[in-house]
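The values are calculated or read from the model by the stated rules, or taken from the named source; none is laboratory data. Predicted model only: the values in this text are computed from it and were never measured. Here Cβ is always computed from backbone atoms with ideal geometry, including for glycine, and neighbour counts include all displayed protein chains. What goes into the accessible areas is simple: the full protein's heavy atoms, side chains included, and nothing from ligands, DNA or RNA. Shrake-Rupley method; radii C 1.70, N 1.55, O 1.52, S 1.80 Å.
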Amino acid sequence: MERTLSIIKPDGVARGIIGEVIKRLEINNLKIVAMKMLKMDTALAQGFYAVHKERPFFDSLTDFMTSGPVVVMVLEGENAITKYREIMGATDYREAAEGTIRKDFATDIEKNVVHGSDSPETAAFEISYFFNRFELIV
Ligand code: CMP
């Protein structure tokens, strides 16, 4: 069993596709073991995306991520990290496979509806960034 962090980004929440995203997680046996809605401030978004701080898109990305509420979840399942990345599709929606969340809903490389951890180490950091142990269902 593996855990991964999922974020439904401000564009996904604003467009009313929280339910659609969650449906795709559930039908793929990714179990939600923690969930909350919150609005990030700049410091929270910058800390979350600190690995990207030298990238040209960093300021725009953190502005976008603070532009509205997000839904943050912890997903659990077999190979959850890889499985969720397959369900999301490529970061750039133009390269995403048919039937993926980003192929179906993303409008922009930045406004790409969802985020998912990319490795076990990243998942551990990202999960503990948003959730304490009392908020994680065991
Ligand atoms: P995410 O999976 O959350 O990880 C970093 C985010 O930066 C990415 O999704 C996009 O929202 C955003 N981003 C914007 N421009 C780029 C880019 N050129 N390459 C990768 N990520 C980008």
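Name every residue in the range 72-117 that is open to solvent by less than 50 Å² (accessible area, probe 1.4 Å), among the charged types (D, E, K, R) and closer than 15 Å to residue 6 by Cα, in order of residue number. Reasoning before the result, please.
To start, the set of residues in the range 72-117 that are open to solvent by less than 50 Å² (accessible area, probe 1.4 Å) comprises 72-77, 80-81, 84, 87-90, 92, 96, 100-102, 105-106, 110, 112-117.
From what's left, among the charged types (D, E, K, R): 76, 92, 102, 110.
Hits for the range 72-117 are 76, 102.
Look at the range 106-133: where a residue is near the ligand (Cβ under 9 Å from one of its atoms) and a partner is open to solvent by 50 Å² or more (accessible area, probe 1.4 Å) and part of a loop (DSSP other than H, G, I, E, B), sitting 6+ places away or on another chain with Cβ atoms under 8 Å, you get 109/91; 110/57; 112/91. Selection within the range 41-71: residues that are of a type in the set (A, V, I, L, M, F, W, C) and more than 12 Å from the ligand (Cβ to nearest atom). The member of this set that is least open to solvent (accessible area, probe 1.4 Å) is 71. Taking the numbered list (1) touching a Pro at 6+ places or on another chain (Cβ under 7 Å); (2) closer than 26 Å to residue 138 by Cβ; (3) charged (D, E, K, R) in turn, residue 85 passes all entries but (1).
One line per residue, one yes/no per condition, for (1) under 20 Å from residue 122 (Cβ atoms); (2) at pLDDT 95 or above; (3) among the aromatic types (Phe, Trp, Tyr):
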{"position": "1", "(1), (2), (3)": "yes, no, no"}
{"position": "20", "(1), (2), (3)": "no, yes, no"}
{"position": "29", "(1), (2), (3)": "no, yes, no"}
{"position": "34", "(1), (2), (3)": "yes, yes, no"}
{"position": "38", "(1), (2), (3)": "yes, yes, no"}
{"position": "65", "(1), (2), (3)": "yes, yes, no"}
{"position": "74", "(1), (2), (3)": "yes, yes, no"}
{"position": "87", "(1), (2), (3)": "yes, yes, no"}
{"position": "94", "(1), (2), (3)": "no, yes, no"}
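I'd like the full set of residues that are basic (Lys, Arg), open to solvent by 100 Å² or more (accessible area, probe 1.4 Å) and in contact with a strand residue (DSSP E or B) (Cβ under 6 Å, 6 or more places away or on another chain), limited to the range 23-40.
31
Summed over the range 1-18, the residues that are of a type outside the set (D, E, K, R), open to solvent by 50 Å² or more (accessible area, probe 1.4 Å) and more than 16 Å from the ligand (Cβ to nearest atom) give a count of 2.
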